[in-house]
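One structure below.
None of the figures in this text is laboratory data; all of them are computed from the coordinates on show. Owing to the predicted nature of the structure, the values given are computational and were not obtained by experimental measurement. Every residue, glycine among them, receives a Cβ derived from its backbone with ideal geometry; neighbour counts consider all protein chains shown.
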Amino acid sequence: MPADNNVMEKLVSLAKRRGFVFQSSEIYGGLGSVWDYGPLGVELKKNLKERWWRSMVHEREDIEGLDAAILMHPKVWEASGHIAGFTDPLVDCKHCKNRFRADDPRIKGTPGQPDAQCPVCGSRGTLTAPRLFNLMFKTFMGPVEEAAAVVYLRPETAQGIYVNYLNVLQASRQKIPFGIAQIGKAFRNEITPGNFTFRTREFEQMEMQFFVKPGTDGEWFEFWKAQRMEWHYGLGIRREKLRFHQHTKEELAHYAKDAYDLEYEFPFGWHEFEGVHNRSDFDLSRHQQFSGKKLEYLDPATKERFIPYVVETSVGADRTALVVMCDAYREETVEGETRVVMRFHPAIAPLKAAVFPLVNKDGMPELARRIFDDLRRHFNVFYDDSGSIGRRYRRQDEAGTPYGITVDGQSVGDGTVTVRDRDTLLQERVAGDRLVSHLGDKLKM
Ligand code: ATP
């Protein structure tokens with residue numbers, strides 16, 4: 001399918017206009033590939049994170065939560081292989097001083113050779129041969145900026161889990177197989193970021209590392225692959241836009257025994273937004289070697305000792321938010337007019353309902369306010385009394401609010417209100433004092 005940049009443009013503009021996503025430091029011209037979440041975006045992302053946490057940690061007895069710090073001992077990154085291997089080959093243009101990934105499709109010819117042409121200034125023979133560039137952000141700890149004080153902003157949350165594996169095991173009295181889940185920020189100095197929030201330099205990951213006995217890793221790998229796809233189906237993402245991609249031998253990371261990407265068909269093509277990896281015993285073995293601390297597991301039943309294998313599920317919170325925004329975005333014709341609607345699954349929609357007095361008189365605003373005050377104790381709801389009712393519905397369609405509650409003349413008489421469904425546009429009359437349970441039932445999905 002050809003890339004539909006038009007949809008992305010419209011989505012980026014809606015995201016800004018309605019307060020989902022803003023460019024970081026916009027009044028200063030923006031900061032490259034760093035984004036801020038506005039009032040609706042923060043709710044959307046928070047709902048996604050909470051849903052992930054509930055399904056991983058609260059609904060399972062064999063997974064524990066963790067919140068490790070972003071800054072870690074620098075040796076962690078030696079052990080993990082990030083200092084040596086977390087690199088992209090880059091080329092510089094000696095003329096215009098721009099920097100590119102060596103595999104940038106815009107480069108013509110072979111970098112380092114006289115035929116190579118810079119994609120920005122067009123000079124020939126000015127591109128250097130590729131050099132490796134580490135994607136980790138460096139900073140200094142303490143008052144002195146010297147080599148010994150270098151620490152890194154973590155490029156993934158997984159290492160915080162591995163180094164705490166024994167702590168969690170002992171504190172929780174779990175037995176293998178068990179997992180540790182974490183949500184947190186990660187940082188990568190990406191060279192060709194872009195596509196809105198798809199590839200950013202600061203992002204959040206939701207990672208779960210499942211520790212298993214060697215030999216059972218294949219089964220657990222299949223289990224978690226299936227679970228994760230189900231989870232995305234559960235968000236209401238169109239099934240035909242989701243698929244697995246198995247890593248080829250060339251794509252497999254040095255530590256991985258097997259790996260699948262979960263891909264979504266974005267308007268700019270099929271791309272990964274989650275990885276499920278069989279990481280073997282690579283990580284714990286390396287941390288055992290570099291820290292000198294035994295990380296073996298003693299099986300209480302068989303008395304066997306082994307270093308567990310790890311099956312990892314790693315999904316970006318921001319990339320998932322982008323998936324659900326792309327998937328939700330629709331332009332529809334209703335009564336001869338185009339409406340833009342974000343068809344979010346009600347469970348992750350930023351606002352669950354909006355309350356409207358039909359007109360601002362005859363007791364309607366007072367009743368609408370009472371209903372709003374009652375609902376807001378249970379759900380994130382919005383009150384809107386400005387403009388025609390049609391316009392107010394459209395505004396909520398763009399925000400992806402699943403239910404619109406209108407207080408009209410009849411409401412003042414008999415206490416009932418209309419509840420409009422964002423997707424079907426059907427309206428039903430419901431007793432005002434039953435709204436909390438009525439909406440609660442609909443939102444429990
Ligand atoms: P890519 O190939 O897109 O760079 P990756 O294979 O390096 O991704 P992983 O290291 O497996 O990604 O990270 C797991 C998940 O973290 C990704 O599927 C994605 O959702 C998220 N992620 C990784 N890098 C970024 C980034 N720069 N911006 C936003 N999300 C990211």
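Values for this structure:
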| item | result |
| --- | --- |
| Cα-centred dipole magnitude for the stretch 236-378, charges only on beta-carbon of K, R (+1) and D, E (-1), debye, nearest 20 | 520 |
| Three-way shape call for the stretch 368-441 based on the alpha-carbon gyration tensor, with the a/c threshold at 1.5 | rounded |
| Neighbour-count ranking [beta-carbon atoms within 10 angstrom, fewest first] of 108, 225, 361 | 361, 108, 225 |
| Karplus 3J(HN,Hα) series, Hz, for the stretch 47-57 with 6.51 cos²θ - 1.76 cosθ + 1.60 (x for Gly, Pro) | 5, 5, 5, 5, 5, 5, 4, 4, 6, 7, 9 |
| Computed log₁₀ I(q)/I(0) - Debye formula, equal Cα scatterers, no solvent, the stretch 3-143, q 0.15 Å⁻¹ | -1.15 |
| Length added when fully stretched, residue 370-residue 337, from 0.36 nm per residue minus Cα-Cα | 8.6 nm |
| Net charge, residue 423 excluded, C-beta distance under 11 Å - Lys, Arg +1, Asp, Glu -1 | +1 |
| Distance cut-off 17 Å, percentage of C-alpha pairs in the stretch 284-345 lying past it | 68 |
| Cα centroid of the stretch 86-120 to Cα centroid of the stretch 233-262, whole Å | 30 |
| Inter-site label distance for residue 219 and residue 388 at 7 Å from Cα along Cβ, in nm | 6.4 |
| Nitroxide proxy distance, nm - points 7 Å out along Cα→Cβ at residue 150 and residue 97 | 2.3 |
| Expected 222 nm ellipticity per residue - DSSP helices of 4 or more, -39500 (n - 2.57), all of the chain, to 500 | -9000 deg cm²/dmol |
| Three principal axis lengths of the stretch 291-419 [C-alpha, angstrom, descending] | 77, 34, 25 |
| Cα convex hull of the stretch 178-323 - mean projected area over all directions, nm² | 10.3 |
| The chain: Cα Rg divided by the 2.2 N^0.38 Å rule of thumb | 1.15 |
| Convex hull (Cα only) mean projected area of the stretch 160-203, reported in nm² to one decimal | 4.3 |
| Sequence of 213, 444 once ranked by neighbouring C-beta atoms within 10 Å, starting from the fewest | 444, 213 |
| 326, 121 arranged by Cβ crowding within 10 Å, fewest neighbours leading | 121, 326 |
| FRET efficiency, 1/(1 + (r/R0)^6) with R0 22 Å, evaluated for residue 17 and residue 46 via beta carbons | 0.60 |
| Nearest-ten-degree value, helix 5-17 long axis tilted from longest Cα axis of the chain | 70 |
| Net lengthening on full extension, residue 361/residue 378 (0.36 nm per residue, minus Cα-Cα) | 3.4 nm |
| Spatially proximal lysines relative to residue 94 (Cα-Cα < 18 Å; intrachain offsets below 8 disregarded) | 108 |
| Candidates 98, 134, 189, ranked by Gaussian network fluctuation over the chain, Cα under 10 Å, top entry | 98 |
| Total formal charge among the other residues, if their Cβ is under 9 angstrom from that of residue 115, Lys/Arg +1 and Asp/Glu -1 | +2 |
| Whole-number percent relative contact order across the stretch 48-143, with pairs defined as alpha carbons under 8 Å at least 6 apart | 22 |
| Euclidean distance between Cα centres, the stretch 33-79 to the stretch 381-445, Å | 33 |
| Residue 245 paired with residue 305, simple spin-label distance in nm, labels 7 Å along Cα-to-beta-carbon | 4.3 |
| Partners for residue 16 among lysines (Cα-Cα distance below 21 Å; same-chain residues under 8 apart left out) | 45, 46, 352 |
| Charge tally in the Cβ shell below 13 Å around residue 173, where Lys, Arg are +1 and Asp, Glu are -1, residue 173 excluded | -2 |
| Theoretical gain in end-to-end length, residue 290 to residue 9 [0.36 nm per residue, Cα-Cα removed] | 96.4 nm |
| Listed residues 19, 83, 34: farthest to the positive end of the dipole of the stretch 6-87 (Cβ charges) | 19 |
